[in-house]
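Notes follow the structure.
The values are calculated or read from the model by the stated rules, or taken from the named source; none is laboratory data. Everything numeric in this text was worked out from a predicted model, so none of it was measured. Positions of Cβ are generated from backbone atoms using ideal geometry, with glycine treated the same way; all protein chains shown enter the neighbour counts.
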Amino acid sequence: MDDIRNKVLGSTSITPFQKRVYLALLDVPSGTTITYGELAKRIGCRSAQAIGQALRRNPFAPEVPCHRVVAADGSLGGYNGERNGEQIKYKRRLLEAEKQNTR
């Protein structure tokens, strides 16, 4: 975990806002999820949509586990800029694998 945290901290290709989002996301335990809104609150942001935009541009996925972020209604939301199709299937597989590994 320290390696990816150091990659994020040292990156010059992401914005300070993205850095805050990605670092906060590293604190979400494997096998669990958080909503876009909850993640926004954790970093003092009032926009769940801004969180989604930062995650859409996540160059560190899946090491920075944006797949753990779901919509407020519990649906998967998006992944890698898509709301359906192969990317959502991949997000679902990542989440299921993590849940099995934490049992």
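Contact annotation: residue pairs with Cβ atoms under 6 Å, 6 or more positions apart or on different chains, pairing a residue in region 11-23 that is under 21 Å from Arg46 (Cβ atoms) and touching a residue at least 12 places away in the same chain (Cβ under 8 Å) with a partner that is in a loop (DSSP other than H, G, I, E, B) and of a type in the set (A, V, I, L, M), are Arg20/Ile43; Tyr22/Val64. Taken over region 23-46, residues that are under 21 Å from Glu96 (Cα atoms) and either within 11 Å of the chain's Cα centre (by Cα) or among the aromatic types (Phe, Trp, Tyr) (or both) amount to 9. Looking only at region 94-103, decide whether some residue is surrounded by 13 or more Cβ atoms within 10 Å (Cβ to Cβ), assigned to a strand (DSSP E or B) and out of contact with any strand residue (DSSP E or B) (no Cβ under 7 Å at 6 or more places or on another chain). Checked region 94-103: no residue is surrounded by 13 or more Cβ atoms within 10 Å (Cβ to Cβ), assigned to a strand (DSSP E or B) and out of contact with any strand residue (DSSP E or B) (no Cβ under 7 Å at 6 or more places or on another chain).
Report whether or not Glu38 is of a type outside the set (A, V, I, L, M), within 17 Å of Ile4 (Cβ to Cβ) and either out of contact with any strand residue (DSSP E or B) (no Cβ under 6 Å at 6 or more places or on another chain) or exposed (fewer than 14 other Cβ atoms within 10 Å of the Cβ) (or both). Reasoning before the result, please.
Numbers: of a type outside the set (A, V, I, L, M): yes; within 17 Å of Ile4 (Cβ to Cβ): no; either out of contact with any strand residue (DSSP E or B) (no Cβ under 6 Å at 6 or more places or on another chain) or exposed (fewer than 14 other Cβ atoms within 10 Å of the Cβ) (or both): yes.
No, not satisfied.
Taken over region 42-87, the residue count meeting the criterion of being aliphatic (A, V, I, L, M) and part of a loop (DSSP other than H, G, I, E, B) is 6.
Within region 62-93, being on the phi > 0 side of the Ramachandran plot and either among the basic types (Lys, Arg) or surrounded by 13 or more Cβ atoms within 10 Å (Cβ to Cβ) (or both) holds for Gly77, Asn80. Pairs meeting the criteria (first residue in region 85-103 and more than 8 Å from Gly31 (Cα to Cα) and among the polar types (S, T, N, Q), second residue modelled with pLDDT under 95 and outside any helix (DSSP H, G or I), beta carbons under 6 Å, at least 6 apart or on different chains) are Gln87/Tyr79; Gln87/Asn80.
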